[in-house]
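> What follows is a structure written as structure tokens; I'll ask about it next.
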Amino acid sequence: MARLLLPLPIAAAAASRLRLPVLSSSVARREALLFGGRVAAARAPVRLARRGVSAGAEAGGSSSAAAAAQVIGQDEAVEWVKKDRRRMLHVVYRVGDLDKTIKFYTECLGMKLLRKRDIPEERYTNAFLGYGPEDSHFVVELTYNYGVESYDIGTAFGHFGIAVEDVAKTVDLIKAKGGTVTREPGPVKGGKSVIAFIEDPDGYKFELIERGPTPEPLCQVMLRVGDLDHAINFYEKAFGMELLRKRDNPQYKYTIAMMGYGPEDKNAVLELTYNYGVKEYDKGNAYAQIAISTDDVYKTAEVIRQNGGQITREPGPLPGINTKITACTDPDGWKTVFVDNVDFLKELEE
């Protein structure tokens, strides 16, 4: 991938000394709970959740590429990607004051600090926050790079979505805590849903969506694209996502498409937005990527290739860590990292 100005570092030292384990009974139980009773074969433990993948980790061996190319044919790929057990795991982005951001997310947005890890030898700190355990919820991974106090969010990233039962009450709380409200509560343009917009300390926008109780309050990541139909086709065929709904708003000159692995009221989804006539955006250097789980990073990479995606990190373990991942960019240059299912659960167990 193209190197960002301040890439997320790899905690190579934190990857410590792992053995290739037999699938533990606790991991098996968690897999059965997460994926309807099906348990995959044992794989090496992953450390993706401990790091942000840097451009330095993008190098992959040609042998890995050759192996991946032999894993799955085009006909098989169509069916396999539909059956692969995928879930949006976390979204990674950079912040300038980690403690201030954690305080805002916990006190104003009601998130919980799930874990925090400082890696001084790599000069960065990660914090994971969300509304439930990482093995069953979509969460945020905040990255603070030592000495970097601000980033450029750009114009391509849109917002994160949070479902709340009372938007007005949540907005009042945020105001009382000194937060910034950029759009007061009210019906969405062209619809009936009650929403509001707020900004966190780094300027990331959050859409508050009034909705009944949901198992996945952190429910959306909105990204802007230059060709919506092309993007939808890619996410359906390469990522195995479903087009949940599509809405054109000619009055306001934009169209949205909701893509995901299950209904919006129960799962985190990707909201793709096309603004009439806008083909390109500035991505800045603040937002990083989404991580998605998979049963097989090698097949995943090949399916992505077959559908026009660019592999930026060949499938396989990260050096010295035995972390099986693959990374890619979509037609608009948005990065995604795919993580082995069993390895991810093993990481959380440690």
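The values are calculated or read from the model by the stated rules, or taken from the named source; none is laboratory data. All figures in this text were calculated on a predicted structure; none of them were measured in a lab. Reconstructed Cβ throughout: ideal geometry from the backbone, glycine too, with neighbour counts over all protein chains shown. Keep in mind that these areas ignore ligands, DNA and RNA; they rest on the heavy atoms of the full protein, side chains included. Shrake-Rupley method; radii C 1.70, N 1.55, O 1.52, S 1.80 Å.
> If you roll a 1.4 Å probe over the heavy atoms of the protein chains, what accessible area per residue do you get for the range 214-274, in Å²?
I get 39 Å² per residue for the range 214-274.
> Pop out the carbon and sulfur fraction of the accessible area of the range 74-349 as a percent, whole number, probe 1.4 Å.
Carbon plus sulfur share of accessible area: 47 percent.
> Still on this model: To the nearest 0.05, what FRET efficiency results for residue 265 and residue 310 with a Förster distance of 35 Å applied to their C-beta separation?
Efficiency at R0 = 35 Å is approximately 0.60.
> What's the center-to-center distance, using Cα atoms, between the range 280-339 and the range 145-198 in Å?
28
> Right, another one. Could you give the nm distance between label points at residue 192 and residue 166, where each point is 7 Å from its Cα heading toward the beta carbon?
2.2
> Nothing charged except the Cβ atoms of Lys and Arg (+1) and of Asp and Glu (-1): what's the magnitude of the dipole of the range 74-349 about its Cα centre? Round to the nearest 20 debye.
480
> Only four residue types carry charge here, +1 at the Cβ of Lys and Arg and -1 at the Cβ of Asp and Glu. Report the dipole size of the range 216-287 about the Cα centre in Debye, rounded to the nearest 20.
In total the dipole reaches around 120 debye.
> In whole Hz, what ³J(HN,Hα) sequence does the range 265-279 give by Karplus (6.51, -1.76, 1.60; θ = phi - 60°), x for Gly and Pro?
Karplus-based 3J(HN,Hα) across the range 265-279 equals 7, 10, 9, 6, 10, 9, 9, 8, 10, 10, 9, 3, x, 9, 9 Hz.
> Work out from phi, with θ = phi - 60° and the Karplus expression 6.51 cos²θ - 1.76 cosθ + 1.60, the ³J(HN,Hα) of each residue of the range 182-199, listed in order in whole Hz, and give x for Gly and Pro.
Those phi angles translate into 9, 8, 5, x, x, x, 5, 4, x, x, 10, 4, 7, 9, 8, 10, 9, 10 Hz.
> Turning to a different aspect of this structure: Taking H placed 1.01 Å from N in the peptide plane, check which residues at least 5 places from residue 183 or on another chain put their amide H under 5 Å from its amide H.
197
> 5 Å is the cut-off here: which amide hydrogens, built 1.01 Å from N in the peptide plane, fall below it relative to residue 96, excluding neighbours closer than 5 in sequence?
none
> Shifting gears a bit: Mind ranking 313, 87 by accessible surface for me, highest first, 1.4 Å probe?
Final ranking, largest accessible area leading: 87, 313.
> Full extension from residue 79 to residue 227: what is 0.36 nm times the residue separation minus their Cα-Cα distance, to one decimal in nm?
Gain on extension, residue 79 to residue 227, equals 50.7 nm.
> With label points built 7 Å along Cα→Cβ from the Cα atoms of residue 118 and residue 182, find their separation and express it in nm.
For residue 118 paired with residue 182, the spin-label model returns 3.2 nm.
> Can you find, among 217, 287, 262, the residue sitting farthest towards the positive end of the charge dipole of the range 202-349, where Lys and Arg contribute +1 and Asp and Glu -1 at Cβ?
287
> Ranked from highest to lowest mean number of other Cβ atoms within 10 Å per residue, what is the order of the peptides 329-335, 74-80?
Going by the mean number of other Cβ atoms within 10 Å, highest first, we get 329-335, 74-80.
> Shifting gears a bit: Give me the mean projected area, in nm² to one decimal, of the convex hull enclosing the Cα positions of the range 74-349.
14.4
> Separate question: Starting from the amide H of residue 318, placed 1.01 Å from N in the peptide plane, find each other amide H under 5 Å away whose residue is 5 or more places distant or on another chain.
Amide H neighbours of residue 318: 323, 324, 325.
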